Amino acid sequence: MYHYFLKRRLRFVLRKLNAHDYEFIASEFHLNAEHWFAGSHAMSGKRVTHARIVDWYRRLRVVFPGIKFRLHKVFVSGSPWNSKACIEWTDEVYDNTGRPLPNEGVFVISIKWGRVTEFHVYCDTAKIEDNLGILAAQGVSEASAAPIVG
C-alpha cells in the first residue's frame, strides 16, 4: 500500500515540476539532501546545500523555461524510512527558434520520511551538452555557465 501512495506522490511532484513550481520542488528536499546531475556542463555537478539546490532550479528556469517531462515508468521500493524511486522520462524543450531539443533519462531518488535525501539525474550527456551549446549560441548565458556546486 505504501508504494502505491509513494508513486502517486511522485507523479504529483512531477506535475509540479512540469508546472515549473520550483519553489515547491525545492521544498521537497531534506535540508541535507544531495542533488546530482551527470556530466560536465552548466546543469551538472553535485549540490549538498538547500541554497545550492534552489540556485540549480533557478538556473533550470532560465536555461529551459518551458521544459516538460513525460513519465514512462515509475519504480519504488523500500520502507517509509528508506525508500528508493526510479523514474524513466523523456523531456520536451525547445530552443529560442522553436526547434525541439529532446532528451531522455532517469531520476534516481532516495526518500526518508517523505523528504528527498538524494536526487540523481542520469540523461544523455552528449545531447544535453549539444543542447546547452545551441542555447548559449542563442544568447542564453546561463547555458554555458560553470556548474552550480556546493
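The numbers here are math on the coordinates, done by the rules we state, and not lab data. All figures in this text were calculated on a predicted structure; none of them were measured in a lab. A quick note on method: Cβ atoms are made from the backbone with ideal geometry, for glycine too, and the neighbour counts reach across all protein chains shown.
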Simple spin-label estimate for Asn32 and Ala146 in nanometres, 7 Å along Cα-Cβ: 2.7 nm
Whole-angstrom Cα spans of the range 92-150 along principal axes, big to small: 43, 24, 18
Full-stretch length increase - Asp95, Asp124 - with 0.36 nm per residue and alpha-carbon distance subtracted: 8.7 nm
Cα principal axis extents for the chain, largest first, Å: 48, 31, 24
Radius ratio Rg over Rh of the range 59-108, counting only Cα atoms, Kirkwood formula for Rh: 1.14
Val116 long-range amide H proximity, modeled H, under 5 Å: Phe29, His30
In the range 74-120, chymotrypsin sites (Phe, Trp or Tyr not before Pro) in a DSSP loop with at most 16 other beta-carbon atoms within 10 Å: Trp81, Trp113
DSSP-defined beta bridges in the chain - what % are antiparallel, rounded to 5: 85 percent
Members of Lys46/Lys73; Lys46/Lys84; Lys16/Lys68; Lys7/Lys127 lying beyond 22 Å, as alpha-carbon distances in this model show: Lys46/Lys73; Lys7/Lys127
